[in-house]
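A short write-up of the structure that comes next.
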């Protein structure tokens, strides 16, 4: 691709904008030179909206889906903002019968998190409502809208919710996910000081026994093991704990996606795989991504034969130490309200699943009626505007 300017020309900010719906691969790939330039300007920027993630998801996971990317272009045709959307059917349950308008990469076995419209910081009030005009244009092509893992604190979120209320029926917050976060200080000792004596003592004891009795070592993929060998070993450890059917990470589609992603991102330092080893063999590891001073913990794996030493906790500790050593300031454990996440974190960021129904869709009406009956008459109640 030819080099492009660091950002769209300043003059284009004041010109006339047009909304374009990109529906084919050619149009999607033509956005590559502009995509990450716009991501770089977002207030909330995550690896899950990056071009590489979206491209790989579409190539490996997009079977049966249709692109409907909403793009705001200036008078020169340069994209100013993008709503990464698709029309697809979810793979299981009653939703497989419904055409859903969703974030590109918003569900399936390699779904992203903290997904959002790609809008430059400070321009959300101007541009997001214009992108949301796509909802009315696409309403007759879908049965419902399901926008998963939208950051509650995004400046675009209120506009998205308001637009869903205007174009669809029963707009509401279907799920609200806690995403536990560790604020990273300058040293591991400062992390320890936040916790009680039992927490510190148990973790120190595990690490000492691992080192003394098992010749345990800490390292990273690309240092003690080649990237590809390390990632393959990590996947096998993950499968020991979460076989296919229990972990979406273990599905063939997710395997292909992450094999390709890790091959690109690990050598580039955009993903890291801190690991523990004993006798030259990996015993535990944590896999995650780096973006704008933040680490996103995506998956973990460990050897069950070391269970009494809590290898998962040791891998988590080493990944935190690694993130501190890289000068990162935030460690995001992503969605999932697990006890260990609550124990380690010191704050919470919330993610929303927004849903709305096409009032003209018989399938959507039947789906909602069956859900109300199944949940006991009306437990799904719209929770009001997302803040």
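Laboratory data are not the source of any read-out in this text; all were calculated from the coordinates shown. Small disclaimer: the values here were computed from a predicted structure and weren't measured. Reconstructed Cβ throughout: ideal geometry from the backbone, glycine too, with neighbour counts over all protein chains shown.
Exposure proxy ranking for 338, 296, 331, based on other Cβ atoms within 10 angstrom of each Cβ and starting from the fewest, stands as 338, 296, 331. Only Cα pairs under 8 Å and 6+ residues apart enter the sum, and on that basis the relative contact order of region 185-328 stands at 27 percent.
Computed from Cα atoms, the angle from the helix 362-374 axis to the main principal axis of the chain rounds to 50 degrees. The helix-based estimate of mean residue ellipticity at 222 nm for the chain, built from -39,500 (n - 2.57) per DSSP H run of four or more residues and divided by its residue count, is -10500 deg cm²/dmol to the nearest 500.
The angle between the Cα long axis of helix 51-61 and the main principal axis of the chain comes to about 90°, on a 0 to 90 degree scale. Relative contact order, whole percent, for the chain stands at 21, derived from Cα pairs under 8 Å and 6 or more residues apart.
The candidate values are (1) 56; (2) 50; (3) 63; the one derived from this structure for percent of Cα pairs over 26 Å apart carries the label (1). Length available on full extension from residue 205 to residue 343: 0.36 nm per residue minus the Cα-Cα distance, which gives 47.9 nm. Per-residue Cβ neighbour counts within 10 Å put 295, 242 in the sequence 242, 295, beginning with the fewest. Mean-square fluctuations from a GNM of the chain, with a 10 angstrom spring cutoff on Cα atoms, peak among 131, 261, 273 at 261. Comparing 93, 77, 216 in a Gaussian network model of the chain, where Cα atoms under 10 Å apart are tied by springs, the biggest mean-square fluctuation is seen for 93.
When each of 50, 23 is scored by the number of other beta-carbon atoms lying within 10 Å, the sequence from fewest to most is 23, 50. For region 106-155, the relative contact order is 60 percent, taking Cα pairs closer than 8 Å that sit 6 or more residues apart in sequence and dividing their mean separation by the residue count. Helix 227-241 and the longest principal axis of the C-alpha atoms of the chain enclose an angle of approximately 90°.
Within the listed set 259, 241, 198, the residue fluctuating most in the Gaussian network model of the chain (springs between alpha-carbon atoms under 10 angstrom) is 198.
Taking 25 Å as R0, compute the FRET efficiency from the Cβ-Cβ separation of residue 26 and residue 76 and round it to 0.05. Working shown, then result.
Working: r = 19 Å, r/R0 = 0.78.
Using R0 = 25 Å, I get an efficiency of 0.80.
Note on the chain: antiparallel DSSP beta bridges, both residues inside, total approximately 85 percent of the bridges counted.
Extending 7 Å from the Cα toward the beta-carbon at both residue 190 and residue 215 defines two label points whose distance is 3.7 nm.
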